[in-house]
1. Suppose we keep only residues that are touching a residue at least 12 places away in the same chain (Cβ under 8 Å) and assigned to a helix (DSSP H, G or I) within the range B:56-68. Which one would you say is farthest from the chain's Cα centre (by Cα)?
2. For residue A:42, are the conditions met, namely being modelled with pLDDT under 85 and within 25 Å of residue A:148 (Cα to Cα)?
3. Filter the range B:25-37 for residues that are in contact (Cβ under 8 Å) with a residue 12 or more places away in the chain and in a loop (DSSP other than H, G, I, E, B); which is farthest from the other protein chains (Cβ to nearest Cβ)?
4. Condition first: more than 14 Å from chain B (Cβ to nearest Cβ) and of a type outside the set (Val, Ile, Thr). Now tell me which residues in the range A:149-168 satisfy that.
5. Only one of (1) polar (S, T, N, Q); (2) over 30 Å from residue A:160 (Cβ atoms); (3) at pLDDT 80 or above is not met by residue A:54, so which one is it?
6. Considering each residue of the range B:56-68, count those that are acidic (Asp, Glu) and within 14 Å of chain A (Cβ to nearest Cβ), and give that number.
7. For the range B:38-55, check the following and say yes or no: at least one residue is more than 14 Å from chain A (Cβ to nearest Cβ) and either exposed (fewer than 15 other Cβ atoms within 10 Å of the Cβ) or outside any helix (DSSP H, G or I) (or both).
8. Considering only the range B:6-24, I want to know if a residue exists there that is within 11 Å of chain A (Cβ to nearest Cβ) and of a type in the set (S, T, N, Q).
Amino acid sequence: MNAQRTDLLAVTRGLVKFGQVSLLILMGVGAAIFIGLLLGEGKRLPSFAGELASKSPEDAMRALRIGLIAMIVAGALLLALLQQLIRLIDSARIGDPFVPESGRRLRRIGWLLLAFYVCNSLTISPAQDGFRFPPLSLSGLLTVLLVFVLARIFESGTRMRTELQETV
Amino acid sequence: MPVLVRLDELLHERRMTLTDLADRVGITIANLSILKTGKAKAMRFSTLEAICEALQCQPGDLLKFEKD
């Protein structure tokens, strides 16, 4: 049972690590497009820029740049979040997840997740009549709340365990 | 902490060592040592009962309240 749990954690860690590497590659591609747009100085818009590109190329270029910056920042936030998640998994794998650092890590993950959703809401995508902002994710906000509640539970759990350890 | 554990005095009075007590009450020496040095945050009723039984004393003999 314990070995199974450790295996599951090892698999999860591997997946998170894979996610980190994939994200780095995506961010590199995003940065390359952004640099390309800067060098292009609005002369050529990518094919995915939508109809807005033909109506108002300057607006389309500005929107694309904002969207790409938001995407890169969101990616960086997600990288930091995944790093915290790896450390959390490691503390569970090595032995004891109920340490004060776990609560702090979960709280950090909550803030990073919130910042990620805010950034993500600025990531615009091309549409038929121009660009559109992604809809506000209710499930995302609920996840943020859930992480904060979990952080609180971990802090209480850590406190209770310390007390139990000091009970004779 | 204002509540003091007088385990050392009781053991001395009964010419008993911590190891003897540990054997009688079934609590590890490490835990009894935590209790003796006043590092314990709490004490179970079962522990108190076992120590009182082994040392033939009352809880009041083992614990003492002293204002800071």
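1. B:61
2. no
3. Across the range B:25-37, the extreme among qualifying residues is B:26.
4. A:150, A:151, A:152, A:154, A:155, A:156, A:157
5. Of everything listed in (1) polar (S, T, N, Q); (2) over 30 Å from residue A:160 (Cβ atoms); (3) at pLDDT 80 or above, residue A:54 misses just condition (3).
6. Going through the range B:56-68 one residue at a time, the tally reaches 0.
7. Yes, that holds for at least one residue.
8. no
The values are calculated or read from the model by the stated rules, or taken from the named source; none is laboratory data. Treat the numbers as computed from the prediction; the structure is a model and nothing was measured. Every residue, glycine among them, receives a Cβ derived from its backbone with ideal geometry; neighbour counts consider all protein chains shown.
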